[in-house]
Ligand code: HEC
């Protein structure tokens with residue numbers, strides 16, 4: 001499958017220089033996945049879908065099974081990079097998963113599964129459901145919970 005978009009090294013440099021000011025300016029307005037961007041009920045629905053549609057490949061506990069883990073350090077290291085939003089993950093999930101039957105779930109089901117994935121990665125639920133709209137997902141920064149890696153750290157290989 002396609003990897004999530006990854007800027008070439010040459011384009012990452014200026015970003016790193018800008019990122020401090022950029023982060024300061026978006027910090028007030030932009031939610032992070034750690035800010036409670038889904039509800040407990042939504043994650044419950046997501047779990048039901050996950051068990052039917054995803055568990056056989058990614059494992060009962062998202063540990064990987066025959067495929068890649070969807071929870072844990074490695075997953076967070078690759079999806080928690082500062083240039084990614086929740087929509088990057090949503091895009092991969094809704095366009096390429098379940099592998100072999102990609103795109104067969106509704107957007108709502110994909111969003112619910114995302115809620116479950118966030119929950120299993122230790123992000124707390126909140127008051128509002130995660131909206132199954134790419135435009136909304138784009139506003140949510142997907143950054144790993146503290147301790148955060150320095151923004152100009154070399155990308156983790158996966
Ligand atoms: C038939 C097996 C299979 C099923 C079912 C499946 N996946 Fe996958 N998934 C894979 C494989 C294999 C990969 C590794 C990349 C690739 O080969 O496409 C992957 C990759 C991923 C990734 C990217 C992981 C990363 O860190 O790059 C995500 C996210 C994902 N799957 C989510 C899901 C979700 C959510 C479901 C259920 C809706 C699902 N998958 C169902 C096999 C499966």
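Please arrange 91, 116, 38 by counting, for each residue, the other beta carbons lying within 10 Å of its beta carbon, fewest first.
91, 116, 38
Based only on other Cβ atoms within 10 Å, what is the fewest-to-most ordering of 129, 100, 41?
Sorted ascending by nearby Cβ count, the order is 100, 41, 129.
State, to one decimal in nm², a quarter of the convex hull surface area for the C-alpha atoms of region 30-80, i.e. the direction-averaged projected area.
Quarter of the Cα hull surface area: 4.0 nm².
Just to check, using Stokes-Einstein with a Kirkwood Rh over alpha carbon pairs, what's the diffusion coefficient of region 43-148 at 20 °C and 1.002 mPa s in µm²/s?
Rounded to a whole number, D works out at 155 µm²/s.
Let me know the shape class of region 98-138, please: from the alpha-carbon gyration tensor, a ≥ b ≥ c as square roots of the eigenvalues, rounded when a/c is under 1.5, otherwise prolate if a/b is greater than b/c, or oblate.
Oblate shape, in that a/c is at least 1.5 and b/c is the bigger or equal ratio.
Taking neighbour Cβ counts within 10 Å as the exposure measure, how do 81, 45 sort from fewest upward?
In increasing order of surrounding Cβ atoms, one gets 45, 81.
The numbers here are math on the coordinates, done by the rules we state, and not lab data. This one's a predicted model, so the numbers in the text were calculated from it and none came from an experiment. We place every Cβ from the backbone using ideal geometry, glycine too, and count neighbours over all the protein chains shown.
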